[in-house]
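The values are calculated or read from the model by the stated rules, or taken from the named source; none is laboratory data. Just so we're clear, the structure is a prediction, and the values are computed from it rather than from any experiment. We place every Cβ from the backbone using ideal geometry, glycine too, and count neighbours over all the protein chains shown. Heads up: the accessible areas ignore ligands, DNA and RNA and are worked out on the full protein's heavy atoms, side chains in. Shrake-Rupley method; radii C 1.70, N 1.55, O 1.52, S 1.80 Å.
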Amino acid sequence: MTGTATHRLPTITTDPAAVRAIAADLDTAGFTVDRLDALWGTEAAASLHRGSRVAALRALAARDTSPLATLATLFVLGLPVTRAHAEAAFPTAGVAAVVAAGLLRGTEADADPRGTGVDDSGLPLEPADALVHPTVDLRPYAFVDDLGAGSWWIVSDLGELALGTALGEEHVLGIGGATTTLSGLQLPVPVRRVLDLGTGCGIQAMHARRFADEVVATDISHRALDIARFNVALNGLDGIELRHGSLFEPVAGERFDRIVSNPPFVITPRREGVPSYEYRDGGMVGDALVETVLRGLADHLEPGGTAQLLGNWEYRWGSDGLDRVRSWFADTDLDVWVVEREREDPPAYAETWIRDGGTKPGTARFDALVDAWLDDFRDRRVTGVGFGYVVVRRPVGADGRPGGTTRLRRFERVPETLGSNPAGLGATVARVLDASAWLAAHDDAALAAAHLRVAGDVTEERYYWPGNDDPTVMTLVQGGGFGRRVDADTALAAFVGACDGELSVQAIIAAIAQITGADEDALVADLLPRARDLVLDGLLLPA
C-alpha cells in the first residue's frame with residue numbers, strides 16, 4: 001500500500017438477529033434523509049456534500065444528544081460519541097452487538113479484551129463516558145424510480161473526511177455520483193435474472209432487485225461482498241446472490257436478461273508508488289478493463305437481454321475515443337449505444353482521481369502522483385479520456401434465436417448539461433431501444449405509411465428578427481430524456497406540427513409539398529431520414 005495511509009478495516013459480519021435489531025434501532029431513531037436534513041439544516045447538508053462538517057457540527061452543538069444526533073455524529077460525520085449515548089441510540093441491538101458486526105470500536109486504550117474492566121467486544125464497562133468510534137460510514141439513502149419512492153441504509157467504508165488521511169486500497173465506496181447515474185440508467189422493465197458485475201457495497205444489485213426475480217452480484221473484493229451482504233440484510237432484501245471472483249469468472253457459462261456494471265474503470269498508471277484502489281482500478285493498463293467487460297457481454301446476455309454500464313475510454317494520438325469503443329464491438333451483432341458525457345485532458349483527469357483517493361493538492365505527494373499519471377499518458381500517447389454510458393442489447397431474430405441485422409450502432413457526444421437528471425434516463429434508454437426495434441421493422445415504404453405523433457414533452461421555440469413575420473430560427477425542444485434540441489427548417493417544423501397520429505407520414509409530406517410547391521420526391525428524401533432520427537430520440541412516437 002505504498003504512499004497511502006494505513007487504516008485498520010473492521011471485519012463486517014452479518015448475524016441475522018443482530019442486523020434486524022440494528023435496523024429496528026435505525027428506524028426508531030428516524031435515521032432518514034429528511035430527518036437528517038432537518039437535524040442540521042439544508043445549508044449544513046450542502047456543506048457536508050462539499051466535504052466540510054463544520055456547519056453540521058455547529059448545528060448539533062446546540063441540540064440535545066438524541067439517538068438521531070448520535071447516529072448522525074457517528075456514521076455521517078465520522079466522529080466518536082460516549083458509550084452511554086451509543087447505548088441510547090442502540091437500545092435493541094446493544095453496543096456490543098454493533099461492535100461485533102464491525103460498525104463500531106472502542107478507544108485504542110480499551111481494545112485489549114485480556115485486561116480488566118472491558119467486555120467481550122473490547123469496549124470498556126466503565127466509565128459510561130468512554131468513547132465509541134465509528135469504523136464505517138452508515139447513512140440513509142433515498143431514491144425514486146418507476147415503482148415509486150424508496151429508502152435504504154447503506155454501509156460503506158469511512159471516507160477521507162472522517163479518516164483525515166488518504167483512503168486505503170481496500171476502500172469500499174458508498175453512494176456517489178456514479179451510483180445515482182447508473183441506477184438511473186437501469187431499465188425499469190421487469191426481468192427474470194440480472195447480473196451486477198463488480199457490486200461494491202451492493203447498491204446496484206439492490207436497485208436491480210426491484211425489477212428482477214433474482215440478482216447475481218459479483219466482486220473481486222471479499223470485503224466489498226461482506227459489506228454488500230450486510231446492506232442486503234440490513235434492508236430486508238432477498239433474491240440477491242453474492243459471488244466472489246474477477247469479472248465474468250464467477251458466472252462462466254451463464255446468461256442474464258440484464259447486466260449492470262459500474263466497473264473499476266479508472267485509468268491508473270501501473271507504476272511503483274501509485275496506489276491501486278480496488279473500488280475503481282481493475283488492475284489493467286489503460287482502458288483495457290472496460291474493453292474486456294464490453295467484449296464479454298455477448299457471451300452472457302440472453303437474446304433480447306440488455307446491459308447498462310459506465311466507463312472511461314482513451315483518446316490517443318490519431319485515434320478518436322469513440323472510434324476505439326466502436327472497434328470493440330466490430331465483430332459482434334450487438335445493438336450498441338454509447339453516450340460520451342465528458343472528456344478530460346490528461347492533467348485534469350489525473351488531478352480528479354488523485355483527489356478522489358484523498359491526496360491533497362499542494363502536497364509533494366500530490367505532485368509526484370500527477371507526474372506519474374502524466375508520464376504514463378505520455379508514454380502510451382494518450383491525449384484525453386472520455387467518460388460516459390454504454391447501453392447494449394443482444395438482438396433476437398425473427399425465429400427467437402440471436403441474429404439478424406444490427407439495429408442500433410450509435411456513438412455520440414451529449415453535453416453533460418443535457419439530461420443532467422439521471423433518475424429518468426432508464427426510461428429514456430428503454431424508449432430508445434424500443435424505437436430502434438420499431439425502426440428496424442419499418443423500411444422507408446413502411447415508415448411512409450406509418451402514423452406518428454409528437455411526444456408530450458416536445459415544444460417548439462421560434463426566434464424572429466425585429467419586424468419580421470417569419471421566424472429566423474425554429475428549434476424542437478425535448479423536455480425529458482436527454483433534453484435534445486433539434487434545429488428545424490420550415491419543412492421539418494411543418495411536418496412535426498402535423499404529426500398528430502391522424503395522417504400517414506406520406507400524406508403529411510404530400511400536403512406540405514402541395515402547399516409549398518416543393519418537389520414531393522425531394523421532400524420525401526429529405527424528411528424520412530430526419531423523421532427516423534426524431535423517432536429514435538423520442539421526439540416522435542408511433543401512433
| message | Step by step: first the residues of the range 342-388, then only those that are more than 28 Å from the chain's Cα centre (by Cα) and assigned to a loop (DSSP other than H, G, I, E, B), then the one that is surrounded by the most Cβ atoms within 10 Å (Cβ to Cβ). Which residue is that? | response | Arg380
| What is the residue count in the range 505-530 for residues that are under 40 Å from the mean Cα position of the chain (by Cα) and open to solvent by less than 40 Å² (accessible area, probe 1.4 Å)? | 3
| request: With the checklist (1) in a loop (DSSP other than H, G, I, E, B); (2) more than 23 Å from the chain's Cα centre (by Cα) in hand, flag the one item Pro303 doesn't pass. | output: (1)
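Could you list all residues from the range 38-79 that are touching a Ser or Thr at 6+ places or on another chain (Cβ under 8 Å) and farther than 26 Å from Gly177 by Cα?
Taking the range 38-79 and keeping what is touching a Ser or Thr at 6+ places or on another chain (Cβ under 8 Å), we get 53-56, 60, 67, 79.
Leu60, Pro67 - these are the residues of the range 38-79 that are touching a Ser or Thr at 6+ places or on another chain (Cβ under 8 Å) and farther than 26 Å from Gly177 by Cα.
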| task | Could you pull out every one of the strands (runs of 3 or more DSSP E) wholly within the range 437-543 that has 2 or more residues that are farther than 30 Å from Gly305 by Cβ? | result | 451-454, 458-463, 473-478, 485-488, 500-504
| Identity of the residue in the range 163-219, modelled with pLDDT of 90 or more and charged (D, E, K, R), that ends up least open to solvent (accessible area, probe 1.4 Å) | Asp196
| request: Out of the residues in the range 1-26 that are over 18 Å from Ala228 (Cβ atoms) and outside any helix (DSSP H, G or I), state the one that is modelled with the lowest pLDDT. | output: Met1
| Cβ-Cβ under 7 Å pairs, at least 6 apart or on other chains, the range 70-99 side farther than 13 Å from Leu36 by Cα and modelled with pLDDT under 95, far side β-branched (Val, Ile, Thr) and open to solvent by 40 Å² or more (accessible area, probe 1.4 Å) | His85/Thr65
| note | In the range 309-361, residues that are modelled with pLDDT under 90 and among the aromatic types (Phe, Trp, Tyr) total 1
| task | Within the range 464-472, identify whether any single residue is free of Cβ contacts under 8 Å to residues at least 40 places away in the same chain, open to solvent by 70 Å² or more (accessible area, probe 1.4 Å) and at positive phi, and answer yes or no. | result | yes
| task | Could you please tell me which pairs satisfy a Cβ distance under 9 Å, a separation of 6+ or placement on different chains, a first residue in the range 179-201 that is without any contact (Cβ under 8 Å) to a residue 24 or more places away in the chain, and a second residue that is open to solvent by less than 10 Å² (accessible area, probe 1.4 Å)? | result | Pro190/Ala212
| request: Give the range 310-325 a look and list any residue that's in contact with a strand residue (DSSP E or B) (Cβ under 7 Å, 6 or more places away or on another chain), open to solvent by 10 Å² or more (accessible area, probe 1.4 Å) and in a helix (DSSP H, G or I), or say none. | output: Arg324
| note | Among the residues of the range 7-63, the number that are small (Gly, Ala, Ser) and out of contact with any helix residue (DSSP H, G or I) (no Cβ under 7 Å at 6 or more places or on another chain) is 7
